[in-house]
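The values are calculated or read from the model by the stated rules, or taken from the named source; none is laboratory data. If you're wondering where the values come from, they're calculated on a predicted model, not measured in any experiment. Ligands, DNA and RNA are excluded from the accessible area calculation, which covers all protein heavy atoms including side chains. Shrake-Rupley method; radii C 1.70, N 1.55, O 1.52, S 1.80 Å.
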Amino acid sequence: MAHLPTASSSSFLITPNVGLMIWTLVVFIISLYILRRAVFPRIAKVLDDRAHAIDDSIDEAQRIRDEAEKLLADYRERLNEARGQADEIVTRAQRAAEVHEREARDAATAKREEMLEQTRRDIEAETRKAIQELRREVADLTVMATERVTRKVLTPDDQRRLVQEAISELDFTALASSEN
């Protein structure tokens, strides 16, 4: 026959043994007491330290982020200031160019007016010179014509008188005014 296990050989695992249960409970309570007094506070301290380290890291990251945002805002502000200054420099350069152009135009206009005035003076001087030469020529021609007509040589006083009469009859003012 087959050998059946007896109740005494396998019963210690299945059957409750009050003494074993008490000792197990005592050992559990003692282990729990030791764990609570020695191990759990250390574990809690390590967990608290880790939580503080994480909080500090989060705070440091937030501080660095805030600082980076502040630096970015400062950078943007400086960039805007630099753009404003660049725009101002360009505007000033444009104004200076306009002023320079206007001054150059005014100087050219003044130079042109000066040259025109000088040309007018030169024309007037040449006109007066031409009129004087024309008067001399008319005087000489008058003297020559008078000598031929009268067939005699005139005295210098007669020549002057005849020249003055001939010149007074000619209208040189019309020539002078038409040249202006």
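Surface composition of the stretch 9-98: carbon plus sulfur atoms contribute 64% of the solvent-accessible area (1.4 Å probe, protein chains only, all chains present). How far is helix 40-150 tilted, in degrees, relative to the longest principal axis of the Cα atoms in the chain, given as a value from 0 to 90 rounded to the nearest 10? Approximately 10 degrees, to the nearest 10.
A Stokes-Einstein calculation at 37 °C with viscosity 0.692 mPa s, built on the Kirkwood radius of the stretch 1-150 over Cα pairs, returns a diffusion coefficient of 110 µm²/s. Taken per residue, the accessible surface of the chain reaches 89 Å², heavy atoms only and a 1.4 Å probe.
According to the calculation over all Cα-Cα pairs in the stretch 14-57, the P(r) per 10 Å bin from zero is 25, 27, 22, 15, 9, 2 %.
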